[in-house]
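Q: Questions regarding the structure given below will be posed in turn.
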Amino acid sequence: MSGDRHAVVLGAGVAGLLAARVLSERFSRVTILERDTLDGAEPRRGVPQARHIHGLLDRGRTDIEQLIPTFTADMAGRGATISEVLVGTRWYAGGLRVAPTPTGLTSVLATRPLLESVLREHVLARPGVRLRERTVARGPVGDARRVTAVDVDGENRTVTADLVVDATGRASRATEWLLDLGVRPPHEERREVDLGYTSRLYRHRPGQLGGHGAVVVSTGTDGRGGGAIRVEGDRWQVTLAGMLGDHPPTDPHGFARFAASLPTPDLYDIVSAGEPLDEPTPYRFRSAVRRRFDRLTAPAGFLVLGDALCSFNPLYAQGMTVAAQQALILRDCLDADDAALPSRFYAAATECLTPAWQLASAADLAHPGITGTRTLRSRLTNAYLARTHRAAHVDPRVARTLLRVVNLVEPSAALAHPRTAYRIAQRGELFPSPASRQPARR
């Protein structure tokens, strides 16, 4: 692709910014259309989950650095906490603390507004890239064979483009837009989880959490979990989570009581002794959705990526990392001619989406109340994962492998390697199952 080519990206979130960064290598002009006003300091309306913890897995961090090599250093320079996973952070799985050990994984701990701000500054510094704020996309213009423009609100209602990328996130209207173009909408795989978050900021005090920069408490069989990360401004961002309608309260007393119900006192200690800096803020996520664009013939000139393509249960912090993977896949696919680009991209994206989706699905279906087909294979997988969590409590090698799989650095098959499987078999029964353990406080 060369000459005076114009790409339009809908949405200035993580997926949209990374897509624009890639497209700037091959298009002379890249326009990002964003409905919000971006001031960089405050969570924006279009990202209602921005006030809650955002986890960038190490795979996502290294993928971003293929596009923005100074990303980690820039985040640190703006106040983000940089820690090695399991060395400078704590993880609890199955109610047990995962053994502290070097993992070679780096956590970048910051608020979503800071992360987006750093990405946006780099992307807008690229030649030919510009951002149009307060601009609402109404849909692509074209037919079932090709998209040639996008309709927007405002005086100039049509923006012509050689490629339109929908990165509008979970609220994407891509399926409606395709119907208007005469294209059969993609099949959706949907998993209802009815997840609720409540988050609050606290003043950080020296010595809290033993000097660690974060604690993550994975949801147990009761569907409760949470986390705290030390973010810019010397603050704790604390998020509590509950599935299947068991949502954390938004009043301060109820918020603390929910924290006390978790199987470790770490979060309760921060909440009960900390100085709150704001009021508890809720967020609700009803279902994870995967749209199978890889199974239809999409029009040339139109792509969907990020949460608009696959919206994961945010408990597992996969969304930003998979968005970064898709950006690199898009970069590799841009050599294809216009007509072949959609099918080539969706086929390649499936290779990163499927393992992440399966990993999240297995974790969701471990909760008895989640509706879904539990095959013999899935039951055996979840039993093995529960045993893995217990082994990771006492075996640093199992702990390291588990966290590298969770961070999408190694495939889930790494946990089934004969040497690792032997250690899991030997150590996975040394501690009682999560169901038999009582929370530290009520």
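The values are calculated or read from the model by the stated rules, or taken from the named source; none is laboratory data. None of the values given here were measured: they were computed from a predicted structure. A quick note on method: Cβ atoms are made from the backbone with ideal geometry, for glycine too, and the neighbour counts reach across all protein chains shown.
Q: Give the number of residues within the range 51-81 that are of a type in the set (Lys, Arg) and over 22 Å from Val405 (Cβ atoms).
A: Total meeting the criteria: 2.
Q: Within the range 79-121, how many residues turn out to be out of contact with any Ser or Thr (no Cβ under 8 Å at 6 or more places or on another chain), farther than 21 Å from Val30 by Cα and surrounded by fewer than 18 Cβ atoms within 10 Å (Cβ to Cβ)?
A: The number of residues fulfilling the criteria is 5.
Q: So, one more: Specify the residue that is surrounded by the most Cβ atoms within 10 Å (Cβ to Cβ); the eligible residues are those in the range 122-136 that are in contact with a helix residue (DSSP H, G or I) (Cβ under 9 Å, 6 or more places away or on another chain) and touching a residue at least 40 places away in the same chain (Cβ under 8 Å).
A: By that ranking, first place goes to Val123.
Q: Would you check if Gly210 is more than 20 Å from the chain's Cα centre (by Cα) and under 18 Å from Ala273 (Cβ atoms)?
A: yes
Q: Same structure, new question: Check the range 241-262 and report whether any residue there is basic (Lys, Arg) and farther than 21 Å from Val47 by Cβ.
A: Yes: the range 241-262 contains one or more residues that are basic (Lys, Arg) and farther than 21 Å from Val47 by Cβ.
Q: Can you go through Thr239, Thr264 and tell me which one is in contact with a His (Cβ under 6 Å, 6 or more places away or on another chain) and in the same structural domain as Gly211 (by TED's automatic domain parsing)?
A: Just one listed residue meets the conditions, Thr239.
Q: Are any of the residues in the range 295-311 surrounded by fewer than 22 Cβ atoms within 10 Å (Cβ to Cβ), touching a Phe, Trp or Tyr at 6+ places or on another chain (Cβ under 7 Å) and either in a loop (DSSP other than H, G, I, E, B) or not assigned by TED's automatic domain parsing to the domain that holds Cys333 (or both)?
A: No, because not a single residue in the range 295-311 is surrounded by fewer than 22 Cβ atoms within 10 Å (Cβ to Cβ), touching a Phe, Trp or Tyr at 6+ places or on another chain (Cβ under 7 Å) and either in a loop (DSSP other than H, G, I, E, B) or not assigned by TED's automatic domain parsing to the domain that holds Cys333 (or both).
Q: Moving on to the next point. From the list Ala259, Ala324, exactly one residue is part of a helix (DSSP H, G or I) and free of Cβ contacts under 8 Å to residues at least 60 places away in the same chain. Which is it?
A: When all the criteria are applied, what remains is Ala259.
Q: Name the residue, out of Gly154, Gly213, Gly142, that is farther than 25 Å from Gln325 by Cα, outside the structural domain of Ile270 (by TED's automatic domain parsing) and at pLDDT 95 or above.
A: Gly142
Q: Could you grab me the full set of residues in the range 334-378 that are modelled with pLDDT under 85 and of a type in the set (Ser, Thr, Tyr)?
A: If the condition is that a residue be modelled with pLDDT under 85 and of a type in the set (Ser, Thr, Tyr), then Thr373, Thr375, Ser378 are the ones that fit.
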